[in-house]
Amino acid sequence: MFSRFNVLWLRRFAFPENVRYYAGVHQKNPQLKPATATVETIKAKLASSSTPTAEEWKSIRLNILNERRFNITNVDSVVLGLCPNLRMGKSYIAFLHQQGLQTNLAIVGKLLRLYRLKEGKLTEEDESDIWRMYSELREQNAILDANTCEHAINALTLTKHWKHCLELLEMIKISGTPDSSSYNCIATKAFQSGDESTGWIMMQEMCENKRLPNDDSFLAWLDYSRKREDQPFSANLERMLQFTNDRSVFLSKRIGKQLLELPSEFGIRVQETRITDGGKCSSCKGTLSSIVVSEDMFQSLRDKFLTAVLINKEIFNRTTPEELNRFQAFLAKTLPYDVVIDGLNVAFSSGNQKSPIVYAQQVAAVVRHYVRQKKRVLVIGRKHMDKWRSREMKYIRENSFLFLTDDLSQDDPFLLYAALESGPKTDFFSRDLMRKHSFMLGNELSGVFKRWQQEHQYSLLSIMPDGRVLIKAPFKYELYAHKSCDNRWHVPLVELGYRIPKVEKQNDWLCLSIE
């Protein structure tokens with residue numbers, strides 16, 4: 001067996017003259033998928049409780065081979081990937097052996113992963129089989145590819161040999177980033193085994209790598225905390241809740257159900273509640289904590305934004321040096337603003353099959369809304385908006401500042417840059433989620449950007465026939481689990497904690513007090 005030291009040695013010193021080739025060989029390969037109709041047909045056949053006969057397996061295999069993308073090298077891995085449980089997977093492997101067909105690395109990897117889908121509890125024989133297959137893989141391969149590592153981690157974490165997964169995690173890092181499943185499987189098993197340190201290292205590392213913890217990891221921590229006699233359950237619960245706040249992670253309704261069922265002897269009282277748009281809890285009548293972006297954090301964000309987003313690694317990939325100079329000169333003459341509006345985002349909010357007159361009317365209505373409040377308004381658009389000849393465009397030019405970027409430039413960075421340069425009180429108006437810009441700022445400033453964005457981003461709901469504008473205002477309170485006062489936590493719940501379409505105020509919350 002290779003130790004973790006050996007893996008790190010290989011990463012640093014192996015193939016010094018041909019690193020590009022080495023990484024290419026062992027990177028995680030994209031998964032080929034059959035046509036949707038083929039997948040649905042096979043899944044329907046495998047959903048039956050009866051195991052397919054040899055003839056049925058032959059037919060399934062042939063259906064996939066009939067698609068030109070597949071051949072005898074990759075077809076069996078694809079079939080195993082469609083098996084809904086371990087029983088089906090083992091049946092297919094038995095069929096291959098009957099046909100005299102050899103299993104390769106990809107097939108063994110897929111079979112290992114199916115142990116997580118076994119119907120019923122794993123037996124000692126199952127655990128022995130996992131260890132045997134893994135040992136054979138390692139004897140034949142000094143370094144495993146990322147896909148096989150991930151499959152093996154899913155299986156090994158079901159056994160007492162789970163710590164070998166730390167070595168596999170290092171192998172994956174040779175050419176990429178481990179997936180959420182790998183991190184979560186190890187974290188869950190670590191907590192179940194009482195290895196608190198390793199569990200939290202996995203939780204922290206996955207968040208740093210833009211992966212999300214799943215329910216199993218949090219539930220394993222809660223179960224582990226219940227059994228500890230040397231530390232109050234409440235302290236471990238608060239550690240988990242603080243982690244979700246620090247890492248901007250939501251808990252799911254499944255976790256919420258577990259919290260609601262906590263026994264009274266833990267000294268924790270949990271109630272379902274609703275939060276008003278004004279941040280007030282319907283249960284305790286308290287108010288959520290406001291978002292706090294300090295002056296120092298805002299200044300750091302403003303200082304970093306230009307080089308991180310508009311000029312990335314000295315490449316003007318969202319604009320040109322000439323255009324950026326023109327924009328900076330424009331800002332120097334016209335700052336500050338109360339609100340910066342994404343013109344095209346507003347224009348196309350009712351669809352992109354309208355006439356330029358309608359587009360201009362949309363933008364003019366939002367500008368008029370703010371002008372009536374005596375706000376200084378900047379509209380960011382693109383040069384083709386110059387062709388929108390109408391009285392509405394005339395109104396926009398006369399009542400706001402207007403900057404039009406080149407048609408090939410991205411206007412979002414200009415919008416955000418203008419708002420940041422204008423100062424900490426300036427708002428911006430757009431429906432865009434701005435995820436890519438947050439990502440480019442890196443781990444440290446990404447959270448600051450999201451909080452600033454949450455506090456200052458407004459968007460258009462609709463424009464009434466009489467011209468009134470309905471605007472969605474930001475929720476200016478903490479979106480994530482946090483402690484406000486009197487040892488009371490407010491915890492938002494989402495449907496699936498690991499699949500968040502967008503960050504916004506949730507409908508379902510828990511009001512949690514610690515006695």
(request) Scan (1) open to solvent by 80 Å² or more (accessible area, probe 1.4 Å); (2) over 16 Å from Ala481 (Cα atoms); (3) more than 28 Å from the chain's Cα centre (by Cα); (4) not β-branched (Val, Ile, Thr) for the single condition Arg269 breaks and write down its number. (result) (2)
(request) Provide a single number: the residues in region 442-462 that are open to solvent by less than 30 Å² (accessible area, probe 1.4 Å) and among the hydroxyl-bearing types (Ser, Thr, Tyr). (result) 2
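Would you check if Trp200 is surrounded by fewer than 24 Cβ atoms within 10 Å (Cβ to Cβ) and assigned by the TED database to the domain that holds Gly89? Don't jump to the end; show me each part of the working.
Working: surrounded by fewer than 24 Cβ atoms within 10 Å (Cβ to Cβ): yes; assigned by the TED database to the domain that holds Gly89: no.
No.
To keep it simple, each residue is scored yes or no on (1) modelled with pLDDT of 95 or more; (2) at negative phi; (3) open to solvent by 10 Å² or more (accessible area, probe 1.4 Å).
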residue	(1), (2), (3)
Leu117	no, yes, yes
Ile130	yes, yes, no
Asn141	no, yes, yes
Thr148	no, yes, no
Leu156	yes, yes, no
Lys163	yes, yes, yes
Glu167	yes, yes, yes
(message) Here's a check for you: in region 203-237, which residue that is among the acidic types (Asp, Glu) and part of a helix (DSSP H, G or I) is least open to solvent (accessible area, probe 1.4 Å)?
(response) Asp215
(message) If Gln27 meets every condition in (1) modelled with pLDDT of 85 or more; (2) touching a Ser or Thr at 6+ places or on another chain (Cβ under 7 Å) apart from one, which number is that one?
(response) (1)
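For every residue, the table says whether it meets (1) farther than 30 Å from Ser446 by Cβ; (2) among the polar types (S, T, N, Q).
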{"residue": "Gln328", "(1), (2)": "no, yes"}
{"residue": "Val339", "(1), (2)": "no, no"}
{"residue": "Pro356", "(1), (2)": "yes, no"}
{"residue": "Gly381", "(1), (2)": "no, no"}
{"residue": "Asp386", "(1), (2)": "yes, no"}
{"residue": "Arg391", "(1), (2)": "yes, no"}
{"residue": "Tyr395", "(1), (2)": "yes, no"}
{"residue": "Glu398", "(1), (2)": "yes, no"}
{"residue": "Phe414", "(1), (2)": "no, no"}
(request) Considering (1) within 19 Å of Gln258 (Cβ to Cβ); (2) open to solvent by 10 Å² or more (accessible area, probe 1.4 Å), say which one Met240 fails and leave the rest. (result) (2)
(message) For Lys43, only one of the following conditions fails: (1) open to solvent by less than 80 Å² (accessible area, probe 1.4 Å); (2) touching a Pro at 6+ places or on another chain (Cβ under 9 Å); (3) not aromatic (Phe, Trp, Tyr). What is its number?
(response) (1)
(request) Mind telling me which of the residues Ser193, Ser181, Ser175, Ser197 ends up being of a type in the set (Ser, Thr, Tyr), free of Cβ contacts under 8 Å to residues at least 40 places away in the same chain and over 18 Å from Tyr224 (Cα atoms)? (result) Ser181
(request) State which residue is farthest from Leu114 (Cα to Cα) when the search covers only region 42-79 and only residues that are outside any helix (DSSP H, G or I) and among the basic types (Lys, Arg). (result) Arg68
(request) Output the residues belonging to region 422-441 that are touching a residue at least 40 places away in the same chain (Cβ under 8 Å) and open to solvent by less than 10 Å² (accessible area, probe 1.4 Å). (result) Gly423, Thr426, Phe428, Phe429, Ser430, His437, Leu441
(request) Return a yes/no flag: does region 275-293 have any residue that is assigned to a helix (DSSP H, G or I), at negative phi and either at pLDDT 95 or above or surrounded by 13 or more Cβ atoms within 10 Å (Cβ to Cβ) (or both). (result) no
(message) Just checking, does region 234-254 include any residue being in contact with a Ser or Thr (Cβ under 8 Å, 6 or more places away or on another chain) and over 29 Å from Gly176 (Cβ atoms)?
(response) yes
(request) Determine the pairs where a residue that is over 20 Å from Met171 (Cα atoms) and without any contact (Cβ under 8 Å) to a residue 60 or more places away in the chain, located within region 117-145, has a partner that is acidic (Asp, Glu) and assigned to a helix (DSSP H, G or I) with Cβ atoms under 8 Å apart, the partner being 6 or more residues away or on another chain. (result) Lys118/Asp126
(message) All but one of (1) surrounded by fewer than 17 Cβ atoms within 10 Å (Cβ to Cβ); (2) under 22 Å from the mean Cα position of the chain (by Cα) hold for Tyr183; state the number of the condition that does not hold.
(response) (1)
(message) For region 463-496: of the residues being open to solvent by 40 Å² or more (accessible area, probe 1.4 Å) and not in a loop (DSSP other than H, G, I, E, B), which is farthest from Gly423 (Cα to Cα)?
(response) Arg488
(request) Specify which of the listed residues (Asn104, Asn85, Asn71, Asn66) is closer than 21 Å to Leu137 by Cα and of a type in the set (S, T, N, Q). (result) Asn104
(request) Can you run down the residue pairs with Cβ atoms below 6 Å, 6 or more apart or on separate chains, where the first is in region 91-107 and under 19 Å from Tyr134 (Cα atoms) and the partner is among the polar types (S, T, N, Q)? (result) Leu105/Thr148; Ala106/Ser77; Ile107/Ser77
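The values are calculated or read from the model by the stated rules, or taken from the named source; none is laboratory data. In this text, all values refer to a predicted model and were calculated from it rather than measured experimentally. In this analysis, Cβ positions are derived from the backbone assuming ideal geometry, glycine residues included, and neighbour counts consider all displayed protein chains. Keep in mind that these areas ignore ligands, DNA and RNA; they rest on the heavy atoms of the full protein, side chains included. Shrake-Rupley method; radii C 1.70, N 1.55, O 1.52, S 1.80 Å.
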